[in-house]
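J.: Structure in structure tokens, see below.
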Amino acid sequence: MSRWEELTGGTSGEEYAARFAALAESGKDLHGEARFCAALVPPGARILDAGCGTGRVMIRLAELGHDCTGVDLDESMLAVARKAAPDLPWFQADLAGFDPAALGIAADFDLVVAAGNIFPLLASGTEGEVARRLAAVLRPGGLLVAGFGLDRAHLPVPPSITLEEYDAHCAAAGLTLVDRFATWDADPYDGGGYAVSVHHR
């Protein structure tokens, strides 16, 4: 069982969406991840949102003209995403067993984004396999972008993966670190408790 399932029981989709709706109503910018990713790829790029949740990031990327596919394990989150954007492709799958061919998905993405603490919320011991599977769906030169917390202040669960461990998983999957930032606004990484990492195949 993933740490996300242990935390939520797989039933938090509506609650999660309501929290972000309230943030939007308060004037908070909710599109930093989408802006960050869109700046890395050409118009109309194929993007996989790995751990897409309620679809906030992917829907915005689709609005910006990209060809997007969303995958998540939590059906309650996907139900919200499908309701918000029924014409976009949403798939239920465990990233640790993600097989695009079995789902009819072409494995030639320009970018894979894993936002929302995906790696710290995976099932313990599956981080390397998830990195391998996400790397495998990238075209040569494609990018894996992951943003996640590194300490208790930035996570809903105890920290479970360091940047060194994440980089090692990516290297084993054939990926090379391109850059690292402290926020989705591309502030320089200063060793703090949150990092956005960009690796290329």
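The values are calculated or read from the model by the stated rules, or taken from the named source; none is laboratory data. What you see is a predicted model; the values in this text were computed from it and never measured. Just the protein is used for accessible areas: all its heavy atoms, side chains included, with ligands, DNA and RNA removed. Shrake-Rupley method; radii C 1.70, N 1.55, O 1.52, S 1.80 Å.
J.: I want to verify a result. In a Gaussian network model of the chain, Cα cutoff 10 Å, which of these has the top mean-square fluctuation: Ile47, Ile59, Ile161?
T.: Result: Ile161 has the largest fluctuation of those listed.
J.: From the P(r) of the stretch 23-83, can you give the percent of Cα pairs sitting at distances over 18 Å? Let's see the in-between values first.
T.: Numbers: 643 of 1830 pairs.
When all Cα pairs of the stretch 23-83 are counted, 35 percent exceed 18 Å.
J.: Calculate what fraction, in whole %, of the accessible area of the chain sits on carbon and sulfur atoms when a 1.4 Å probe is rolled over the protein chains. Working shown, then result.
T.: Values: 4830 of 9010 Å².
Using a 1.4 Å probe with all protein chains present, the chain comes out at 54 percent carbon and sulfur.
J.: Over the chain, with the other protein chains present, what is the accessible area per residue in square angstrom, probe 1.4 angstrom?
T.: Numbers: 9010 Å² over 201 residues.
So the chain comes to 45 Å² accessible per residue, rounded to a whole number.
J.: Continuing with this model, one more query. To two decimal places, what compactness ratio does the stretch 41-156 give when its Cα radius of gyration is scaled by 2.2 N^0.38 Å? Show your work: numbers first, answer last.
T.: Numbers: Rg = 13.4 Å, N = 116, 2.2 N^0.38 = 13.4 Å.
Here the answer is 1.00, to two decimals.
J.: May I ask for the percentage of alpha-carbon pairs in the stretch 90-173 that lie more than 20 Å from each other? Can you show the working numbers first?
T.: Numbers: 1121 of 3486 pairs.
Value for the stretch 90-173: 32 percent of Cα pairs lie more than 20 Å apart.
J.: Related question: When the Kirkwood radius is taken over all Cα pairs of the chain, what Stokes-Einstein diffusion coefficient follows at 25 °C and 0.890 mPa s, in µm²/s? Can you show the working numbers first?
T.: Numbers: Rh = 16.8 Å.
Value of D from the Cα-based Kirkwood radius: 146 µm²/s.
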